[in-house]
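Beneath this line is the structure, given in structure tokens, with notes to follow.
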Ligand SMILES: Cc1cc2nc3c(=O)[nH]c(=O)nc-3n(C[C@H](O)[C@H](O)[C@H](O)COP(=O)(O)O)c2cc1C
């Protein structure tokens, strides 16, 4: 099973909760996951993992949150061609660009050569009961796909 880094930015806790549920799903499937806020993490750390899940809420007009920017720029220094990845985050459909930060993260991962193994997970605000289960399933499926394609 791949060892996964799950790194996220969250202001009011929604994306953090999604990240925690994804980690629950990975661990329930027998995978190993390390959960970190991007504030406590350098993108260079990804090199120690076979897979990475990056998450953020969206800010401004479809933008990345400020606290994600250093990590995002550090990704430019990395060759992620041996890394499996996916992106997730929380947003609000009332904004014109729903979860734009998630799309930007996914694009950056692709640009750096990562293999996107499943579509991004976007949740409005915090997850409800059904979405909580979907987050756990997302983590479980991620680790299972990583195992299948490695
Ligand atoms: C000033 C501001 C701008 C926002 N802009 C967007 C946006 O462009 N697109 C979007 O989907 N959500 C937007 N949101 C909504 C947040 O992404 C949403 O509340 C999210 O659940 C916050 O996640 P967090 O609890 O992890 O911080 C915005 C929120 C605020 C306060």
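Values for this structure:
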read-out: Test result for residue 76, touching a residue at least 12 places away in the same chain (Cβ under 8 Å) and surrounded by fewer than 16 Cβ atoms within 10 Å (Cβ to Cβ); value: yes
read-out: Filter result for residue 45 (at pLDDT 95 or above, farther than 22 Å from residue 140 by Cα and over 15 Å from the mean Cα position of the chain (by Cα)); value: no
read-out: Contacts under 6 angstrom Cβ, first residue in the range 57-69 being more than 18 Å from residue 19 (Cβ to Cβ), partner within 6 Å of the ligand (Cβ to nearest atom), 6 or more apart; value: 62/97; 62/100
read-out: Close pairs (6 angstrom Cβ cut-off, 6 or more residues apart or separate chains): on the phi > 0 side of the Ramachandran plot and free of Cβ contacts under 8 Å to residues at least 12 places away in the same chain in the range 1-17, assigned to a loop (DSSP other than H, G, I, E, B) and surrounded by 22 or more Cβ atoms within 10 Å (Cβ to Cβ) anywhere; value: none
read-out: Test: residue in the range 23-39 that is within 16 Å of the ligand (Cβ to nearest atom), touching a strand residue (DSSP E or B) at 6+ places or on another chain (Cβ under 7 Å), under 21 Å from residue 112 (Cα atoms) and outside any strand (DSSP E or B); value: yes
read-out: Positions within the range 1-22 being out of contact with any helix residue (DSSP H, G or I) (no Cβ under 7 Å at 6 or more places or on another chain) and either within 16 Å of the ligand (Cβ to nearest atom) or assigned to a helix (DSSP H, G or I) (or both), in sequence order; value: 11, 12, 13, 14, 15, 16, 17, 19, 20
read-out: Residue 104 being under 20 Å from residue 146 (Cβ atoms) and either over 12 Å from the mean Cα position of the chain (by Cα) or touching a residue at least 24 places away in the same chain (Cβ under 8 Å) (or both); value: no
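The values are calculated or read from the model by the stated rules, or taken from the named source; none is laboratory data. The structure presented is a predicted model; accordingly, all values stated were derived computationally and were not measured. Note that we place each Cβ from the backbone using ideal geometry, even for glycine, and neighbour counts take in every protein chain shown.
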